[in-house]
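The values are calculated or read from the model by the stated rules, or taken from the named source; none is laboratory data. Note that this is a predicted model, so its numbers are computed, not measured. Here Cβ is always computed from backbone atoms with ideal geometry, including for glycine, and neighbour counts include all displayed protein chains. Only protein heavy atoms, including side chains, enter the accessible area calculation; ligands, DNA and RNA are left aside. Shrake-Rupley method; radii C 1.70, N 1.55, O 1.52, S 1.80 Å.
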Amino acid sequence: MGRGRVQLKRIENKINRQVTFSKRRSGLLKKAHEISVLCDAEVGLIVFSTKGKLFEYANDSCMERILERYERYSYAERQLVPNDDHTSPGSWTLEHAKLKARLEVLQRNQKHYAGEELDSLNMKELQNLEHQLDSALKHIRSRKNQLMHESISVLQKKDKALQEQNNQLSKKVKEREKELAQQNNWDQQNNEISSSSFVLPQQLDSSLPREAYQNTAGGVDNGEVEGANSQQQQQAAPNTVMPQWMLRHLNG
């Protein structure tokens, strides 16, 4: 005798309800996996228990991509529906439920990326999460290295510009020192020339009194001779007395 059809209604016994949920959930996840492998279909399955615990399955372990595709498809369908349907309370309620589910998925994934609430993940999900983190880390390191190379290139350009500026300043300083040295040499030569031109007139002036002294000395000798001659003439003349200034005038 064949097995009778099971009547679909809520199981009142809590334990039986939990056991049935566990069995049916495993069978549902298995069927989702089978259809994704056999038919090469993109499958995304989300199940919440009565306690609010989430169970999900995605054939490529990327539920976010499946949900984004679903959102794009739903949006395209909504564009074909008249605008009056969008203003109905039912459409807004459905949209709110979708956005809320999307927000919960994003929050959960964010916690997973931060290393929180990993108990609900199986081995495959953990491996996929690890792969995503490794990929993100590679992108981060690549961007960091790029910024470091750009910073090093900018610093090298600045260093080269500063070196060129330093060389120009050193060149200007050397030229200025050379000009100052030449100016000092010119000043020294001018001082020597002016000092030599000042010494020659002094030598000439100093030679004049000596010659004058010699002439004076010579004049004194001649005066003495002439005085002697005049004395002889006076002695020879008959008692003629003349003033001294007249004698000097005559002798001169």
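Filtering region 93-120 down to residues that are among the hydrophobic types (A, V, I, L, M, F, W, C) and at pLDDT 80 or above, which residue is least open to solvent (accessible area, probe 1.4 Å)?
Filtering region 93-120 for residues that are among the hydrophobic types (A, V, I, L, M, F, W, C) and at pLDDT 80 or above, the one least open to solvent (accessible area, probe 1.4 Å) comes out as 105.
Take residue 205 and decide whether it is among the acidic types (Asp, Glu), at pLDDT 85 or above, part of a helix (DSSP H, G or I) and out of contact with any Gly (no Cβ under 9 Å at 6 or more places or on another chain).
For residue 205, the condition - among the acidic types (Asp, Glu), at pLDDT 85 or above, part of a helix (DSSP H, G or I) and out of contact with any Gly (no Cβ under 9 Å at 6 or more places or on another chain) - is not met.
Among the residues of region 31-58 satisfying the criterion of being part of a loop (DSSP other than H, G, I, E, B) and of a type in the set (Val, Ile, Thr), which is farthest from residue 122 (Cα to Cα)?
For region 31-58, the residue satisfying everything is 50.
Quick grid of which residues meet (1) at pLDDT 85 or above; (2) part of a helix (DSSP H, G or I); (3) surrounded by 13 or more Cβ atoms within 10 Å (Cβ to Cβ); (4) touching a strand residue (DSSP E or B) at 6+ places or on another chain (Cβ under 9 Å):
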{"site": "4", "(1), (2), (3), (4)": "no, no, no, no"}
{"site": "60", "(1), (2), (3), (4)": "no, no, no, no"}
{"site": "67", "(1), (2), (3), (4)": "no, yes, yes, yes"}
{"site": "70", "(1), (2), (3), (4)": "no, yes, yes, yes"}
{"site": "76", "(1), (2), (3), (4)": "no, yes, no, no"}
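Restricting the search to region 121-132, which residues are open to solvent by less than 70 Å² (accessible area, probe 1.4 Å) and assigned to a helix (DSSP H, G or I)? Step through it out loud before you land on a result.
Restricting attention to region 121-132, the residues satisfying the condition of being open to solvent by less than 70 Å² (accessible area, probe 1.4 Å) are 121, 125-126, 128-129, 132.
Within region 121-132, 125, 126, 128, 129, 132 qualify.
Does residue 135 fit the bill of being part of a helix (DSSP H, G or I) and modelled with pLDDT of 90 or more?
no
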